[in-house]
Amino acid sequence: MQRTSGDSSLYLNLMKKVLAGTVYEDPAHEKNFSHRDSTYREEVRNEGRDWPANAHTMIGIKRLDNIQQCVEDVLANDIPGDLAETGVWRGGACILMRGILRAHDVRDRTVWVADSFQGIPDVGTDGYPGDQRMALHRHNSVLAVSEEEVRRNFRNYDLLDEQVRFLPGWFKDTLPSAPIDALAVLRMDGDLYESTRDTLTNLYPKVSVGGYVIVDDYMMCPPCKDAVDEYRAKFDITDELIEIDRDGVYWQRTR
């Protein structure tokens, strides 16, 4: 794989700013959780600490940088497998993944876009207690984004093609039979214990040695952290957890 050219670096840097809304200082959503008004705050957006009104991702510049770092590393080192995100909101992280493949002229890897496209499930009275306490389904007026809207966002970047595949539905239903052979990068953004557990159970065995696992809300959503810690302990995964920002972590699979 060739190194990213100056033009490609400029393209990807601009893409990240557009995806996060920093280039046009997109205000926070009126139901924003991080501060009481909708004022755009650069330091908040860079760390993905608000819900943007219009931008295509809420994860912020630091976590977008992390995606680029991980994807470009697996490309440079020929780590086999596709790229996937479970829990995509408006699709921004997956759009960046596809943009990186385009920038490097990589034509033999797929970006898998897995989401309910209905928002966060109501886990009910028999669900994980931490998921019940967060009750994120109450925010589905913001968090639920349709598959057609995500497809439209891909099209707006000229990145919707045969290298992008959608897995619509609840993870417990779609991931066990997902036609994914191998993954070089797995990014998890399901927030809940059950969503994170379902992702790890079905997709972590497909992550190649040398590939990356990224957990978006490890330090923000305690149930997500519980699921990751339990899975890593159960399967004796000792690879170092590296902090991305105040919320996200990742590790590189070594065995």
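The values are calculated or read from the model by the stated rules, or taken from the named source; none is laboratory data. Computed from a predicted model, the values in this text were never measured in an experiment. Every residue, glycine as well, gets a Cβ built from its backbone with ideal geometry; the counts of neighbours run over all protein chains shown. When the accessible area is computed, the model is the full protein with side chains, heavy atoms only, and any ligands, DNA or RNA have been set aside. Shrake-Rupley method; radii C 1.70, N 1.55, O 1.52, S 1.80 Å.
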Going by the alpha-carbon gyration tensor, a ≥ b ≥ c the square roots of its eigenvalues, is the stretch 151-236 rounded (a/c under 1.5) or, if a/c is not under 1.5, prolate (a/b greater than b/c) versus oblate?
prolate
With every protein chain kept in place and a 1.4 Å probe, the chain has an accessible area per residue in Å² of 46 Å²
Which of the GluC sites (Glu not before Pro) found in the stretch 134-199 are loop residues per DSSP with 12 or fewer other Cβ atoms within 10 Å of their Cβ?
E162
I'd like the trypsin sites (Lys or Arg not before Pro) in the stretch 102-170 restricted to DSSP loop residues with at most 15 other Cβ atoms within 10 Å, sorted by number.
R107
Toy charge model, Lys and Arg Cβ at +1, Asp and Glu Cβ at -1: the chain dipole around Cα centroid in debye, rounded to 20, equals 200 debye
Charge dipole of the chain built from unit charges on the beta carbon (Lys, Arg +1; Asp, Glu -1), centred at mean Cα; most positive-end Cα among A135, Y193, L160 is L160
Name the residues whose placed amide hydrogens come within less than 5 Å of the amide hydrogen of D115, ignoring near sequence neighbours (fewer than 5 apart) on the same chain.
G87, L167, G169
Cα to Cα, under 28 Å, and not fewer than 8 places away if on the same chain: which lysines meet these conditions relative to K225?
K16, K31, K62, K172, K206, K234
Given only helices, namely DSSP H runs of n ≥ 4 each adding -39500 (n - 2.57), what is the per-residue ellipticity at 222 nm of the chain, to the nearest 500 deg cm²/dmol?
-11000 deg cm²/dmol
I'd like to compare 113-119, 86-92: which one has the highest average count of other Cβ atoms within 10 Å, and what's the full order after that?
86-92, 113-119
What helices does the chain hold that run 20 Å or longer along their axis, going by alpha-carbon atoms, with a Kyte-Doolittle average of 0.0 or more, using DSSP H for the helix calls?
6-20
What do you get for Rg/Rh of the stretch 102-255 when both radii come from the Cα atoms and Rh is the Kirkwood radius?
0.96
Give the long-range amide H neighbours of V164: residues separated by 5 or more places, or on another chain, with amide H under 5 Å away, using H modelled in the peptide plane at 1.01 Å from N.
V111
Give me the three principal axis extents of the stretch 39-126 from the C-alpha atoms, as integers in angstrom, largest value leading.
43, 37, 20
